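As structure tokens, the structure follows; a few thoughts come after it.
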């Protein structure tokens, strides 16, 4: 399911496409966000009528919040860090386990301007998607730009992946 992040596509248009796909499948959706700070949930709930298909959005920046609210294993965080494939997969699975939704998206990354390392520079983002009863899929992205640009590209990629997850 690899795809380029459509930074040029309007977030509202992507959110509308996700909303239509969620409603068509009669599902509820949940978001688990770190580096985007709730922006994915905002893009989706900006749409009128979103309460019919949007279940919940969780913003977890700290290790403690990821553990308490999404069930991320402390050993995962200790061994791979918050910005890793393992962590984002546990985030998306935890979101589905804790809420009644049928589809979830999770994001974790380094939006900057600080916080990057040689192994995980600013712009490193992991996104995962999962449908209830299905397998989670995660993808690594390396976005360019300032904090706002990295976060916007993350939201666009998350919504694009949701649309794809729902239409496969």
_Failed item in (1) closer than 17 Å to residue 88 by Cβ; (2) over 16 Å from the mean Cα position of the chain (by Cα); (3) crowded, with 18+ Cβ neighbours inside 10 Å, with residue 122 passing the rest_ = (1)
*Specify the residue that is surrounded by the fewest Cβ atoms within 10 Å (Cβ to Cβ); the eligible residues are those in region 67-86 that are in a helix (DSSP H, G or I) and either in contact with a strand residue (DSSP E or B) (Cβ under 6 Å, 6 or more places away or on another chain) or touching a residue at least 40 places away in the same chain (Cβ under 8 Å) (or both).*
85
_Return the residues of region 117-154 that are outside any strand (DSSP E or B) and in contact with a strand residue (DSSP E or B) (Cβ under 8 Å, 6 or more places away or on another chain); say none if nothing qualifies._
121, 123, 132, 136, 143, 150, 153, 154
*Scan region 91-103 for residues that are touching a strand residue (DSSP E or B) at 6+ places or on another chain (Cβ under 9 Å) and either under 23 Å from residue 75 (Cα atoms) or in a helix (DSSP H, G or I) (or both) and jot them down.*
91, 92, 93, 94, 95, 96, 98
*Could you list, in sequence order, the residues of region 54-65 that are touching a residue at least 12 places away in the same chain (Cβ under 8 Å), outside any strand (DSSP E or B) and under 15 Å from residue 38 (Cβ atoms)?*
60, 61
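Values quoted throughout were computed directly from the atomic coordinates according to the rules given, and no laboratory measurement underlies them. Keep in mind it's a predicted model, so treat the numbers as computed, not measured. Reconstructed Cβ throughout: ideal geometry from the backbone, glycine too, with neighbour counts over all protein chains shown.
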